[in-house]
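Shown next, in structure tokens, is the structure this report addresses.
The values are calculated or read from the model by the stated rules, or taken from the named source; none is laboratory data. Model, not experiment: these values are computed from the prediction. Glycine gets a Cβ as well: all are built from the backbone with ideal geometry, and neighbour counts include every protein chain shown.
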Amino acid sequence: MKRIKVIPIALLSLITGLLPVTAQPVYPTDDQLWFYRIWFSEKTSTVSDFTPEELLSPAAISRREKQGIPVLTDSDIPVSRQHIITLSRSGFRPRCTSKWLNTALFTTTEAKDPAAYEEYHFIDSIQLVRHPADPAKKSYSKYGITAPGAGPDAFDPRIPLNGHLLHQSGFTGKKITIAVLDAGFDGADAIESLAPLRQRGGIIATRNFVNGTDQVYDYHTHGTSVLSILAGSLPGVINGTAPGADYLLLRTEDDETEYPVEEDYWVAAAEYADSAGVDIITSSLGYFTFDDPTLDYSFSNMDGNTPFITSGADMAASKGILVVNSAGNERNKEWVRIIAPSDGDSVLCIGALRQDLTISDFSSAGYSADGQVKPDVVAPGVGIPIQFEPELWHSGSGTSFSCPVISGLCASLMQAVPSAFPSDIIDVLHRSSDRYNSPDSLYGYGIPDFIKALRLLEETHTFRPEVIVSAGPNPFTDQIVLWFHEPPEHLNVTLTGASGIKMAEKNFPVYIARSFRLDGLGHLAQGLYILKVTTAQGEKLFRMIRASK
């Protein structure tokens with residue numbers, strides 16, 4: 001099972017923006033504090049001061065190298081610790097940082113005048129992002145609506161997208177890591193539909209960026225509902241869209257208030273996810289108006305550049321991560337339009353359909369303020385089976401729930417075509433959608449067909465032999481790859497030793513890809529093996545040699 005590299009806490013503070021906690025006098029609670037985002041004009045370290053291994057996990061390094069992305073750039077260098085120390089002496093207490101955007105989030109016990117810090121040459125600007133206020137519980141409309149009622153033979157959102165055919169072919173997101181950024185995961189450590197995920201150790205990290213701990217299970221059920229759509233597995237009730245993937249559960253949303261400070265938490269979490277080596281960030285969150293109207297965005301700000309969170313999301317994409325975000329639930333409200341960070345030009349923005357595949361009345365409308373087609377695509381987002389408490393089943397409605405439908409099936413695509421880049425995934429989702437030639441502001445490019453998307457990826461990423469099937473490498477070490485001239489329709493693969501003992505077998509009554517990987521062969525002894533491949537086109541035998549270890 002894949003695990004995240006363990007990083008010393010002093011270094012972790014540099015990588016994630018979460019600073020080590022030392023013994024301190026009793027400090028006021030968040031609702032009594034002022035929060036300031038400070039942009040720095042410089043960094044005091046350079047790329048040459050670090051090795052990649054000091055700042056990134058092996059998985060993060062591998063992901064960048066695979067995609068031809070520079071492993072380290074200035075944006076990967078931590079915010080200056082000296083700047084943090086200097087400001088700490090002036091009454092600023094650090095909460096988190098962003099190395100990508102060269103900012104730090106501080107709290108103070110009293111209001112600060114930005115003009116008083118003009119003498120600090122390293123400060124570019126200071127912005128108030130939260131101030132003392134009585135907690136005002138957010139409306140659940142931000143998160144979507146849940147209702148009792150899911151049960152046997154519940155609506156399967158994979159089917160309108162042909163995602164179930166990916167799963168029947170064994171592509172369930174295995175070897176793909178997904179970071180879920182949300183408001184909390186209360187119940188995710190207990191509900192039945194996530195038992196298979198927990199039992200195989202599929203939750204590989206948790207982190208709470210709101211309070212700087214690892215505890216995410218005592219806060220809000222919204223993230224739990226999202227995770228059940230992704231990873232839930234309970235026949236007749238929930239069929240997750242990526243039950244084979246591994247997950248990081250990251251709390252970035254303070255569900256009691258709404259302030260821009262939550263954008264800082266989100267970006268810090270995205271940086272953590274990048275350093276850990278995730279493949280996908282899925283976020284059913286978004287920002288536009290706040291408890292203090294003077295801090296609100298206007299729609300003209302939804303231009304792919306202005307919102308702090310959008311800049312962070314696009315930076316995550318530039319590091320080789322597929323960033324998937326809900327469009328928002330605002331079309332039947334005053335705002336109407338999409339919300340940040342779904343305005344990002346590298347962010348896959350997801351709208352929501354009813355079960356009859358017409359657009360829901362709440363799914364936020366595009367385009368972005370700078371004219372990008374948004375949403376990118378749409379998926380079922382009404383009456384989606386979810387679970388967030390033991391022994392009870394619900395249905396959820398909102399773009400919060402259409403987003404994980406798409407992000408999970410993208411993990412299946414990544415497993416099927418591991419050489420594909422996130423930009424390739426976005427491109428084929430657009431091209432496979434039913435409104436690709438006439439996108440609009442409600443459906444975007446429309447409803448993606450994941451089998452058509454797979455075919456488009458295979459055109460450029462999968463070898464197509466002239467014969468019915470070919471196998472390699474030969475000799476092999478830990479895996480054998482099969483390539484088919486045409487999808488085999490069904491597939492049975494057996495590997496037998498020279499003595500006649502069956503060493504491995506895989507059987508798929510439905511198989512729709514033009515390649516197959518028989519892996520987990522590293523334990524086999526050196527020698528001759530017979531590979532038997534049976535498809536709808538017939539049977540083929542290969543003499544395969546296991547190379548010396």
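If I filter the range 430-478 down to residues being over 30 Å from residue 365 (Cα atoms) and among the hydrophobic types (A, V, I, L, M, F, W, C), which single residue comes out as surrounded by the fewest Cβ atoms within 10 Å (Cβ to Cβ)?
Once the filter is applied, the top-ranked residue is 467.
Tally up the residues in the range 196-210 that are out of contact with any strand residue (DSSP E or B) (no Cβ under 8 Å at 6 or more places or on another chain) and free of Cβ contacts under 8 Å to residues at least 60 places away in the same chain, please.
Final tally of qualifying residues: 2.
If you take the residues in the range 533-544 that are assigned to a strand (DSSP E or B), in contact with a strand residue (DSSP E or B) (Cβ under 6 Å, 6 or more places away or on another chain) and not hydroxyl-bearing (Ser, Thr, Tyr), which one is surrounded by the fewest Cβ atoms within 10 Å (Cβ to Cβ)?
The extreme case among them is 541.
Any residue at all in the range 79-92 that's touching an Asp or Glu at 6+ places or on another chain (Cβ under 7 Å), closer than 23 Å to residue 270 by Cβ and modelled with pLDDT of 95 or more?
From the range 79-92, those touching an Asp or Glu at 6+ places or on another chain (Cβ under 7 Å) are none; that's our starting set.
Taking every residue of the range 79-92 in turn, none turns out to be touching an Asp or Glu at 6+ places or on another chain (Cβ under 7 Å), closer than 23 Å to residue 270 by Cβ and modelled with pLDDT of 95 or more.
Can you pull out the residues in the range 58-69 that are outside any helix (DSSP H, G or I) and over 15 Å from residue 316 (Cβ atoms)?
Answer for the range 58-69, where residues must be outside any helix (DSSP H, G or I) and over 15 Å from residue 316 (Cβ atoms): just 68.
Could you list, ordered by first residue, the pairs with Cβ atoms under 8 Å in which the first is in the range 351-375 and assigned to a strand (DSSP E or B) and the second is among the basic types (Lys, Arg), at least 6 apart or interchain?
From residues that are assigned to a strand (DSSP E or B), the pairs are 365/331; 365/337.
Could you tell me which of the residues 240, 232, 277, 244 is touching a residue at least 12 places away in the same chain (Cβ under 8 Å), out of contact with any strand residue (DSSP E or B) (no Cβ under 8 Å at 6 or more places or on another chain) and either assigned by TED's automatic domain parsing to the domain that holds residue 52 or not hydrophobic (A, V, I, L, M, F, W, C) (or both)? Reasoning before the result, please.
On the way: 240 fails: out of contact with any strand residue (DSSP E or B) (no Cβ under 8 Å at 6 or more places or on another chain); 232 fails: out of contact with any strand residue (DSSP E or B) (no Cβ under 8 Å at 6 or more places or on another chain); 277 fails: out of contact with any strand residue (DSSP E or B) (no Cβ under 8 Å at 6 or more places or on another chain).
Selected residue: 244, the only one of 240, 232, 277, 244 that is touching a residue at least 12 places away in the same chain (Cβ under 8 Å), out of contact with any strand residue (DSSP E or B) (no Cβ under 8 Å at 6 or more places or on another chain) and either assigned by TED's automatic domain parsing to the domain that holds residue 52 or not hydrophobic (A, V, I, L, M, F, W, C) (or both).
Might you check whether a residue that is in a helix (DSSP H, G or I) and out of contact with any strand residue (DSSP E or B) (no Cβ under 6 Å at 6 or more places or on another chain) occurs anywhere in the range 383-406?
no
In this structure, is residue 111 part of a helix (DSSP H, G or I), small (Gly, Ala, Ser) and surrounded by fewer than 12 Cβ atoms within 10 Å (Cβ to Cβ)?
Working: part of a helix (DSSP H, G or I): no; small (Gly, Ala, Ser): yes; surrounded by fewer than 12 Cβ atoms within 10 Å (Cβ to Cβ): yes.
So residue 111 fails the test.
Scan the range 77-122 residue by residue and report those that are of a type in the set (A, V, I, L, M) and more than 15 Å from residue 39 (Cβ to Cβ). Please lay out each step first, then the result.
Step one: list which residues in the range 77-122 are of a type in the set (A, V, I, L, M), which gives 77, 79, 84-85, 87, 101, 104-105, 111, 115-116.
Listed by number, the residues that qualify are 77, 85, 111, 115, 116.
Tell me, please, whether a residue that is free of Cβ contacts under 8 Å to residues at least 40 places away in the same chain and either among the hydrophobic types (A, V, I, L, M, F, W, C) or under 24 Å from residue 102 (Cβ atoms) (or both) can be found in the range 288-297.
Yes, because at least one residue in the range 288-297 is free of Cβ contacts under 8 Å to residues at least 40 places away in the same chain and either among the hydrophobic types (A, V, I, L, M, F, W, C) or under 24 Å from residue 102 (Cβ atoms) (or both).
Please state which one of 253, 271, 258 is among the acidic types (Asp, Glu) and touching a helix residue (DSSP H, G or I) at 6+ places or on another chain (Cβ under 6 Å).
253
Which condition from (1) closer than 25 Å to residue 361 by Cβ; (2) of a type in the set (Gly, Ala, Ser); (3) assigned to a helix (DSSP H, G or I) is the one that residue 328 breaks?
Among (1) closer than 25 Å to residue 361 by Cβ; (2) of a type in the set (Gly, Ala, Ser); (3) assigned to a helix (DSSP H, G or I), residue 328 violates only (3).
Taking the range 381-428 as the search range and keeping residues that are closer than 16 Å to residue 351 by Cβ and more than 17 Å from the chain's Cα centre (by Cα), which one is surrounded by the fewest Cβ atoms within 10 Å (Cβ to Cβ)?
The extreme case among them is 383.
May I ask you to verify whether residue 72 is within 20 Å of residue 49 (Cβ to Cβ) and free of Cβ contacts under 8 Å to residues at least 40 places away in the same chain?
Considered against the rule, which asks whether it is within 20 Å of residue 49 (Cβ to Cβ) and free of Cβ contacts under 8 Å to residues at least 40 places away in the same chain, residue 72 comes out as yes.
Mind checking which residues of the range 230-283 are closer than 21 Å to residue 212 by Cα and polar (S, T, N, Q)? Don't jump to the end; show me each part of the working.
As a first pass, look at the range 230-283 and keep what is closer than 21 Å to residue 212 by Cα: 247-278, 281-283.
Hits for the range 230-283 are 252, 257, 275, 282, 283.
Scan the range 347-377 for residues that are among the polar types (S, T, N, Q) and either more than 15 Å from residue 445 (Cα to Cα) or modelled with pLDDT under 95 (or both) and jot them down. Walk me through it before giving the result.
Pass one, the range 347-377, residues among the polar types (S, T, N, Q): 355, 358, 360, 363-364, 368, 372.
If the condition is that a residue be among the polar types (S, T, N, Q) and either more than 15 Å from residue 445 (Cα to Cα) or modelled with pLDDT under 95 (or both), then 355, 360 are the ones that fit.
Which of the numbered conditions does residue 498 fail, given that it passes all the others? Conditions: (1) touching a Gly at 6+ places or on another chain (Cβ under 8 Å); (2) modelled with pLDDT of 95 or more.
With respect to (1) touching a Gly at 6+ places or on another chain (Cβ under 8 Å); (2) modelled with pLDDT of 95 or more, residue 498 is out only on (2).
Just one of the numbered conditions (1) under 27 Å from residue 63 (Cβ atoms); (2) in contact with a helix residue (DSSP H, G or I) (Cβ under 6 Å, 6 or more places away or on another chain) is not true of residue 187; which one?
Exception for residue 187: condition (1).
Working carefully through the options 486, 505, find the one that is part of a loop (DSSP other than H, G, I, E, B) and under 37 Å from the mean Cα position of the chain (by Cα).
Going through 486, 505 in turn, just one is part of a loop (DSSP other than H, G, I, E, B) and under 37 Å from the mean Cα position of the chain (by Cα): 486.
For the range 190-211, enumerate the residues that are touching a Ser or Thr at 6+ places or on another chain (Cβ under 9 Å) and part of a loop (DSSP other than H, G, I, E, B).
191, 209, 210
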